[in-house]
Amino acid sequence: MYKFLMLLFCSGIFMLSRAQEFTAKQKGNGTVAGNIFDNSSGRPLAAASISLVRMDAPSTPLHALADKNGAFDFVKLSYGYYHLVIDMVGFAKTAIDSIHVYSEHSDVNLGDIKINTAGTSLNDVVVYAEKPLIENKDGKVIYNVAESPLSNGSNASEMLRNLPLMNANPDGTLLLRGKEPLILMDEKPVNLNGQQLTDLLESLPANVVEKVEIMQNPPPEYATYPGGVINIITRKGRVGIYERFNLNAGSRGETGGSNNLNYRSSKLNISTNIGYGAGTTKGNSWSHRENIYTDSVSYFYSQSQFDNFSKHPNARMQADYDLNKQTNIGFVYQGNLNFYNNHSDVLYMNLDSNQQVYKASTRSNQYNGTGYSHGFSGSFQWKGKNPVEKLQVYSGLSLSKNDNDRDFYQQFLQSDFLPTGLDSTQLQVTDNYISSFYLNVNYNKPLNDTGTVFLSMGSTYSSNVYHNILNTGFLRAVDRAYIGNDLLSNNFYFSQAIFTARAALVVGLLPGMKLIFGAQAEQTGTDFRFIKGNAPDANNSYWRILPNFTIRKEFDRDMNLSFVYRETIRRPGITELNPSIDYGDPYNIRFGNPYIQPSLTDNFDLNLSYAKRNFNVNASVTYSRIKNVFNSIRTLADSGKTITTYKNISDQEEYIASFWSGVTIAKKIRINISGGWNYNKYSDVEKQLYAYKDGGTLYATFNYSYAPDNLTNIEANNRYTNFAGPQGHSRSNINMSLSVQRKFFDKHLIISLAAIDPFGLQKFHNFTYGTNFNIEGYSISNTQNFRLSVSYQLSKVMVKSKLDEKQKKETLDKLVK
């Protein structure tokens, strides 16, 4: 019955889509819109005259007037090439040529069109070029999320995983070319720690994002970040009021919905989003560990299964206001709630040298938790008369709290798996409070009139304070009361403050040649203060000076070559520094090291980029020497438990090669391929002490999009990763997503169908090696999901011009003449 209903539903969509396509071809369904501004003052040009003519039918032009906000639109256009002319008294006549409205690109938004005054410019002619799904521009790989059907129903985290050069390690951390990137939103730092950033990306609907910029070699203000920069740019929309609802549901038990409301005038832009998402993840895993002692060998096996449920309401409000053409202020609020209920069951088995079980136990783990975060940020941006000169001030405050209640029940078994009569019940209650603040100031000062030589300066300050309270108790069998255990409890404050100051000289030499020299000085201080715990107070502080150098050569508009040297810093976070012992897994204990020093890396990167209208390619090779590297160290104790902590070891070498290419075939089909290889070479000291092994991480993505007509878009993504760590490697299967989007009712209604891993589950095969142990593990997660998303644009209200009908008629008559 289910299959019959799905077949009937898909057949109905197909027949309705064919009918829509036929109607569209008969009546025309294209749109050309934009906003007109004075290039010198930034004010909107009300009553500007716009004419639009099909280039193969010049005798039948269409005419319109811009409203008081400079907005205009032409609707129900037939397919073809168009020529647009903007005419305004006192301004140069501006023409935009070769605007192609066709079935795969029927909605053309020209955005903000800035025209010059008559005294400063002759008549201007611009050739229009449409945006592909993925493009290569100015050293950035740009993913136009608004063109992707996957944006409906997915979140920002899922969307980022499908970007070129992106992959994720086994714990889900997003990586750019194998390293964790800095995340910006609308060019502003989010200043969130790992878990906060994960919560934000998982709660942020992808359909509020306009595009994502991937910067492998970031600009001077972010040159010290080792993993590159990802800039998420949210949608601003056209002038007017737009509201959009989105509902989605998936076969994996996920549900979600969001409401987007956008208002934009000539000076003010307000964007709000309220959303809700919920989902369930199930899976299982096993692990086989061989313990190697001087006189014997034993084995430790485990099997587990888990069922995790989470729901996360969220809200975002962003406002930007142009005080004048040169000055803009902005405000952003981001709020996230997170509720989760996770359960897992584990079977532990101890085996002798003959691989016979001699004792065992079962452990039931229940995690219940809630969390919230409130982030407030503001910005001030000023641009001088010279386009290069600009001042940017960003500041933000974030407050969050997470509650985590963990219940553990462990029953001990005999070799035949019958109960011994012994058991243990443990309760851990964790309250975690986080507050963070940041202030960033950037200023570019031109040193000549042309702006080819300028000084880029800046300073930042950030502060993060964590307050962690963990209370542990064991159930006393006699009176069924929980008795506190101070050894496994703690109460501590951790604070980290970072101050930086930087300067860079940007010099434009020969045509197409640019040099950048810069350096950043920074001071970092960390402090642990224990009110209660199993570790002493600790603090650490250090200064570093990090130089950078870039030479970039643009051979023509299509090809450029750049060489970049930069010294980057990888600072340890609270996970690596926290000395509290985590007993969540009684047979695999872990804790941090508060005295870890940062790792400094000398990066040498060579990048070649070639971009044509229908073909793009970007290739990079990098050599890095990491000094005083810190890594996790896993060792086997005499008790049969493994202990994981972090240490600075020695230097390490890294070789990186990455490649991305995009090809457009007959305008309907776009294919993108990307991949990379990161090879790590460790020192002899690490290999001898900790059994480190040289190894490489391989990742590859294959993306293709197909637009058979103006109402339908199809996109698919495939990913593969073989991840290598210092003590082993993890290999995954191929992950796949396929989505189809169809528009109905003059494109107000959008229906999307997405299949995530339709042919299987996400699988990881792990191998870990130590000096006296070997571990093989396997895990499966139920990522297979068939998602239906429905979006509807409820309103499209344009602010009308205040011209009366007589004034409109007089202006149009002048234009026609």
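The values are calculated or read from the model by the stated rules, or taken from the named source; none is laboratory data. Nothing here was measured: the structure is a model prediction, and the numbers come from that model. Neighbour counts are summed over all protein chains in view; Cβ atoms, including those assigned to glycine, are modelled from backbone coordinates with ideal geometry. For accessibility, only protein heavy atoms count, side chains too; no ligands or nucleic acids. Shrake-Rupley method; radii C 1.70, N 1.55, O 1.52, S 1.80 Å.
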Flagged pairs (Cβ under 6 angstrom, 6 or more apart or on separate chains; first in the range 693-711, assigned to a loop (DSSP other than H, G, I, E, B); second at pLDDT 90 or above and not β-branched (Val, Ile, Thr)) are ASP694/LYS681
Restricting the range 410-441 to residues that are hydroxyl-bearing (Ser, Thr, Tyr) and either open to solvent by 70 Å² or more (accessible area, probe 1.4 Å) or part of a strand (DSSP E or B) (or both), the one farthest from ILE469 (Cα to Cα) turns out to be THR420
Requiring at least 2 residues that are modelled with pLDDT of 85 or more and open to solvent by 40 Å² or more (accessible area, probe 1.4 Å), the strands (runs of 3 or more DSSP E) wholly within the range 724-817 are 735-744, 762-769, 773-781, 785-797
Residues of the range 658-679 being open to solvent by less than 20 Å² (accessible area, probe 1.4 Å) and of a type outside the set (Gly, Ala, Ser), in sequence order, are TRP660, ARG670, ASN672, ASN678
ALA521 meets each of (1) part of a strand (DSSP E or B); (2) open to solvent by 60 Å² or more (accessible area, probe 1.4 Å); (3) more than 23 Å from SER620 (Cα to Cα) with one exception, condition (2)
With criteria (1) surrounded by 15 or more Cβ atoms within 10 Å (Cβ to Cβ); (2) under 25 Å from THR550 (Cβ atoms); (3) of a type in the set (A, V, I, L, M, F, W, C), LEU488 comes up short on (2)
Cβ pairs under 6 Å, 6+ apart or interchain, first in the range 204-221 and closer than 21 Å to TRP660 by Cβ and modelled with pLDDT of 80 or more, second of a type in the set (Phe, Trp, Tyr) and not in a loop (DSSP other than H, G, I, E, B), ordered by first then second residue, are VAL212/TYR143
Filtering the range 270-290 down to residues that are over 22 Å from the mean Cα position of the chain (by Cα) and surrounded by fewer than 21 Cβ atoms within 10 Å (Cβ to Cβ) yields ILE270, LYS282, GLY283, ASN284, SER285, TRP286, SER287, HIS288, GLU290
So, first residue of a type in the set (D, E, K, R) in the range 770-785, second residue open to solvent by 30 Å² or more (accessible area, probe 1.4 Å), Cβ within less than 9 Å, six or more apart or across chains; the pairs are GLU776/TRP286; GLU776/SER287; GLU776/HIS288; GLU776/GLU290; GLU776/HIS765; GLU776/ASN766; GLU776/PHE767; GLU776/THR768
Considering residues that are of a type in the set (D, E, K, R) and either part of a strand (DSSP E or B) or within 11 Å of GLN334 (Cβ to Cβ) (or both), the number found within the range 369-402 is 3
Screening THR575, THR601 for residues that are of a type in the set (Val, Ile, Thr) and either in contact with a helix residue (DSSP H, G or I) (Cβ under 9 Å, 6 or more places away or on another chain) or not in a strand (DSSP E or B) (or both) leaves only THR575
Of all strands (runs of 3 or more DSSP E) fully inside the range 639-682, the set with 2 or more residues that are touching a Pro at 6+ places or on another chain (Cβ under 9 Å) and within 26 Å of TYR143 (Cβ to Cβ) is 652-665, 669-682
Taking first residues from the range 254-279 that are over 28 Å from LYS68 (Cα atoms) and touching a residue at least 24 places away in the same chain (Cβ under 8 Å) and second residues anywhere that are open to solvent by less than 30 Å² (accessible area, probe 1.4 Å) and among the hydroxyl-bearing types (Ser, Thr, Tyr), the pairs with Cβ under 6 Å that are 6 or more apart or on different chains are GLY275/SER258
Within the range 687-702, the residues that are crowded, with 22+ Cβ neighbours inside 10 Å and either in contact with a helix residue (DSSP H, G or I) (Cβ under 8 Å, 6 or more places away or on another chain) or more than 18 Å from PRO226 (Cβ to Cβ) (or both) are TYR692, THR701
Residue pairs qualifying under the 8 Å Cβ cut-off, at least six apart or on distinct chains, with the first in the range 642-665 being in contact (Cβ under 8 Å) with a residue 12 or more places away in the chain and under 23 Å from SER580 (Cβ atoms) and the second being open to solvent by less than 40 Å² (accessible area, probe 1.4 Å) and charged (D, E, K, R), are THR642/ARG289; TYR646/GLU576; ILE649/GLU686
Subset of the range 712-724, residues farther than 14 Å from ARG161 by Cα and without any contact (Cβ under 8 Å) to a residue 40 or more places away in the chain, comes to ASN722
Among residues of the range 460-485 being among the aromatic types (Phe, Trp, Tyr) and open to solvent by 40 Å² or more (accessible area, probe 1.4 Å), the residue farthest from the chain's Cα centre (by Cα) is TYR482
Within the range 310-368, residues being at negative phi, loosely packed, with under 15 Cβ neighbours inside 10 Å and not in a strand (DSSP E or B) number 6
How many residues of the range 623-677 are within 30 Å of ASP709 (Cα to Cα) and among the basic types (Lys, Arg)? The answer is 3
Can you find even one residue in the range 499-513 that is touching a strand residue (DSSP E or B) at 6+ places or on another chain (Cβ under 7 Å), under 30 Å from ASP431 (Cα atoms) and not small (Gly, Ala, Ser)? yes
- Item | Meets criteria (over 30 Å from LEU487 (Cβ atoms) and touching a Lys or Arg at 6+ places or on another chain (Cβ under 6 Å)) for ASP602 | yes
For the range 315-335, pairs from a residue that is closer than 16 Å to PRO44 by Cα to a residue that is open to solvent by 60 Å² or more (accessible area, probe 1.4 Å) and assigned to a strand (DSSP E or B), with Cβ under 6 Å and 6 or more apart or across chains, are TYR321/ILE329; GLN326/TRP382; GLN326/LYS383; THR327/TRP382
Q. So is ASN248 touching a residue at least 60 places away in the same chain (Cβ under 8 Å) and closer than 26 Å to SER395 by Cβ or not?
A. no
